[in-house]
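Heads up, the thing below is written out as structure tokens.
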Amino acid sequence: MRSVGLSVAAWVLMMAAMPAQARDISKNDLQVCKWGSDVAKTAQQSKLAGTTLSSARKHLQKRHYSQPWMRKMALGITDQTYKSPSRLKPVAVKQAYYEGCVQHDLARK
């Protein structure tokens with residue numbers, strides 16, 4: 001009985017700590033995760049529509065980016081999306097990317 005009580009107490013503490021961890025991620029990191037998830041969504045839309053990877057990459061090369069690292073990251077996200085056998089809807093890819101990005105940032109800290 002005591003171990004059940006300790007397990008419940010540990011679970012409650014863990015759940016209480018989760019919102020505090022989420023606050024550790026900077027607004028900038030959250031914006032980067034949101035931007036990356038939008039790129040992944042767009043790449044999945046292109047892939048499902050039958051657009052070739054080459055064509056998608058050319059489109060990304062023509063775009064203007066506010067930061068110098070964004071072009072290379074967008075190309076990397078697009079390459080990974082096209083290499084994946086996933087046929088998920090673009091919205092699901094966006095959500096999965098965002099959640100994975102946030103979890104990665106939390107694990108880094």
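Yes or no: residue 108 farther than 20 Å from residue 30 by Cβ and either within 17 Å of the chain's Cα centre (by Cα) or not aromatic (Phe, Trp, Tyr) (or both)?
On the way: farther than 20 Å from residue 30 by Cβ: no; either within 17 Å of the chain's Cα centre (by Cα) or not aromatic (Phe, Trp, Tyr) (or both): yes.
So residue 108 does not fit the description; no.
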Residue 74: farther than 21 Å from residue 51 by Cα and not acidic (Asp, Glu), yes or no? no
Of all residues being under 25 Å from residue 103 (Cβ atoms) and surrounded by 20 or more Cβ atoms within 10 Å (Cβ to Cβ) in segment 42-63, which is farthest from the chain's Cα centre (by Cα)? Just the residue, please. 47
Out of all the residues in segment 12-26, is one or more surrounded by 10 or more Cβ atoms within 10 Å (Cβ to Cβ), more than 13 Å from the chain's Cα centre (by Cα), modelled with pLDDT under 95 and over 23 Å from residue 108 (Cβ atoms)? yes
Residue count, segment 36-56 (criterion: in a loop (DSSP other than H, G, I, E, B) and not small (Gly, Ala, Ser)): 2
Do you know which residues across segment 81-95 are in contact (Cβ under 8 Å) with a residue 12 or more places away in the chain and assigned to a helix (DSSP H, G or I)? 81, 82, 90, 91, 93, 94, 95
Count, please, the residues in segment 80-109 that happen to be surrounded by 14 or more Cβ atoms within 10 Å (Cβ to Cβ) and under 13 Å from residue 42 (Cβ atoms). 6
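The values are calculated or read from the model by the stated rules, or taken from the named source; none is laboratory data. Predicted model, so just to flag it, every value in this text is computed and none were measured. No Cβ is skipped: glycine too gets one built from the backbone with ideal geometry, and neighbour counts run over all protein chains shown.
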